[in-house]
Amino acid sequence: SNIMSQQQQQQHHHPNEALQQPNSNVASDTEQEEQEVVFFVENMTCGGCGGHVRNLVESVAEITQATVEWRLARVTARGKGLLQHYAKDGGEDHDGERAMWQQSVATLLEKEGYPVHFS
């Protein structure tokens, strides 16, 4: 279980590391507010699953923070521009084109056995 040990190491990053890096894209930061999106993930049967799903979701570039409520099968993701090109599953305006981050999340989670539903 190589993957698990890597993820545990990632959790030991100093929480302030990101703040100390010089911010090179200040202009684009101010243009795009952080947005919050709620979606649903199947097969989370315990808090351990929830933690695993959270790590996977937070590994997606556009997502800065994820909150997982595993009992509700619910994930709340925060990030910049998440609602741009956001595609709901089965919505009338759904032409099969998900946003990049949605595709990343769905691919990562479904590979691990957690089907994703965007609503």
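Odds and ends about this structure:
- Set 61, 27: member being open to solvent by 40 Å² or more (accessible area, probe 1.4 Å) and modelled with pLDDT of 70 or more: 61
- So residue 111, is it open to solvent by 20 Å² or more (accessible area, probe 1.4 Å) and modelled with pLDDT under 95: no
- Restricting the first member to the stretch 40-56 and to residues that are at positive phi, and the second to residues that are open to solvent by 20 Å² or more (accessible area, probe 1.4 Å) and among the small types (Gly, Ala, Ser), the beta-carbon pairs closer than 6 Å and six or more apart or on different chains are 43/113.
- Each residue in the stretch 64-78 was checked for being open to solvent by less than 60 Å² (accessible area, probe 1.4 Å) and closer than 21 Å to residue 111 by Cβ, and 5 of them qualify.
- Scanning the stretch 31-55 for residues that are within 16 Å of residue 79 (Cα to Cα) and among the polar types (S, T, N, Q) returns 32, 35, 55.
- Test result for residue 105, within 10 Å of residue 41 (Cβ to Cβ), of a type outside the set (Asp, Glu) and surrounded by 13 or more Cβ atoms within 10 Å (Cβ to Cβ): yes
- Failed item, numbered, when residue 110 is tested on (1) part of a loop (DSSP other than H, G, I, E, B); (2) among the acidic types (Asp, Glu); (3) out of contact with any Ser or Thr (no Cβ under 9 Å at 6 or more places or on another chain): (1)
- Residue within the stretch 54-67 that is more than 18 Å from residue 112 (Cβ to Cβ), out of contact with any helix residue (DSSP H, G or I) (no Cβ under 6 Å at 6 or more places or on another chain) and not hydroxyl-bearing (Ser, Thr, Tyr) present: yes
- For the stretch 52-82, a residue qualifies if it is closer than 12 Å to residue 36 by Cβ and of a type in the set (Ser, Thr, Tyr), and the qualifying residues are 64, 67, 76.
- Against the numbered list (1) on the phi > 0 side of the Ramachandran plot; (2) at pLDDT 95 or above; (3) not charged (D, E, K, R), residue 85 comes up short only at (2).
The values are calculated or read from the model by the stated rules, or taken from the named source; none is laboratory data. Please read these numbers as outputs of a predicted model, since none were measured by experiment. Reconstructed Cβ throughout: ideal geometry from the backbone, glycine too, with neighbour counts over all protein chains shown. Note: accessible area is taken over every heavy atom of the protein model, side chains too, but ligands, DNA and RNA are not part of it. Shrake-Rupley method; radii C 1.70, N 1.55, O 1.52, S 1.80 Å.
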